[in-house]
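Structure first, then comments.
The values are calculated or read from the model by the stated rules, or taken from the named source; none is laboratory data. Here the structure is a predicted model, which means the values were calculated and not measured. Note that each Cβ is placed from the backbone with ideal geometry, even for glycine, and that neighbours are counted across all protein chains shown.
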C-alpha cells in the first residue's frame, strides 16, 4: 500500500502543476545524489555543489594572487562575473529543491493558486539551512569519498599485510561507506523538516537521523525504486530523441539543399525533449522524497511489504 500511495500522488501533483517544472529544471542540476551515493562509490566526478565549492576556491585563490590594476581589470571583472554566476545558479537550484519539497506538502490546496515567484521566494527563505545540508552531503559524498574512502580502498587492494587489510576493510565497509549512504538520506529528510516543518538546521538534522533510523528499509527501498524509474525515464528520453531525430536525418539526405535546416530543427526538438523530460522527472523525483517523508511522519502510517516482513521476523533491525 505504501508505494501505491506515494508514487501516484507525487505524479498527479507534478502532472497537474506544470509551473513547478521550472523548479525541476534547476533542481536537476543538483543531480539524484541518493542514487549516485548508494550505487556508484567509484564516481569521482563532483556534484553541482562540490563543483561550485571548487570553483569558488579557485576564484578566491585567483583574487588573492592577481595584481589589481587597470591592465588586469578585464580579468578581475571576469572572475567577479563567474562568482556571481555560480552564486546565482546555486541559489536558484537549492531554492528550487526546497520549493519542490514544499510542493509535496501543500499539494493542490495552495500549489496551484500560488504564483511561481511566490513559490520561489518560499524556497529562497529556506536557502541557508537547505544549502548547509547540501554542503554536508557534498563534503561527505564527494570530498570525503574522493580524499579518504577511495584512497583507503585503493590501499586495501594493494596491501599484503592481512591484519591491516582486515581492520581497515571492516572499518571501511561497515563504518565509512554506510556513513556516506546514511548522510545522503539524512540530508533529504532534513530538507523536508526544514521546509515542511519549519525546523532549524540542527533540529532538522537530528530529527532526520532519527527518522531514517526507524525507516531505513523503506528509505533504501525507495532509492532502489527510483533508480529503476530513473533508468526507465532515461531510456524513454533517449528513445524519443532517436525516434524524432532519425526522420530528419533521412529527409536531410533526400533533400541536401535543406539538410542544414532539417538538422537544426532535429537538434532543437532534441533539446526540447531533454529540457522538458529532465524538468518533469526531476520535479517528480524531489516530490517523491517529500511525499515519502510526509507518509513516514503521518499518524497511522503504512509501511511497505518488505518493512512489514522485517518487522515481523527481525524486529531488532528496526530499532
Selected residue (only one of 129, 163, 178 is over 27 Å from residue 217 (Cα atoms) and modelled with pLDDT of 70 or more): 163
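One line per residue, one yes/no per condition, for (1) in contact (Cβ under 8 Å) with a residue 60 or more places away in the chain; (2) over 13 Å from residue 290 (Cα atoms); (3) touching a strand residue (DSSP E or B) at 6+ places or on another chain (Cβ under 7 Å):
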residue: 174; (1), (2), (3): no, yes, no
residue: 180; (1), (2), (3): yes, yes, no
residue: 190; (1), (2), (3): no, no, no
residue: 201; (1), (2), (3): yes, yes, no
residue: 205; (1), (2), (3): yes, yes, no
residue: 208; (1), (2), (3): no, no, no
residue: 213; (1), (2), (3): no, yes, no
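If you go through region 132-144, how many residues are in contact with a helix residue (DSSP H, G or I) (Cβ under 6 Å, 6 or more places away or on another chain) and in contact (Cβ under 8 Å) with a residue 60 or more places away in the chain? Give the derivation first.
Of the residues in region 132-144, the ones in contact with a helix residue (DSSP H, G or I) (Cβ under 6 Å, 6 or more places away or on another chain) are 132-134, 137-138, 140-142.
Filter again for in contact (Cβ under 8 Å) with a residue 60 or more places away in the chain, leaving 132-134, 137-138, 141-142.
Residues that pass the stated criteria total 7.
Specify which of the listed residues (183, 218, 191) is part of a helix (DSSP H, G or I), in contact with a helix residue (DSSP H, G or I) (Cβ under 6 Å, 6 or more places away or on another chain), within 24 Å of residue 145 (Cβ to Cβ) and modelled with pLDDT under 90.
Values: 218 fails: within 24 Å of residue 145 (Cβ to Cβ); 191 fails: modelled with pLDDT under 90.
Exactly one of 183, 218, 191 is part of a helix (DSSP H, G or I), in contact with a helix residue (DSSP H, G or I) (Cβ under 6 Å, 6 or more places away or on another chain), within 24 Å of residue 145 (Cβ to Cβ) and modelled with pLDDT under 90, namely 183.
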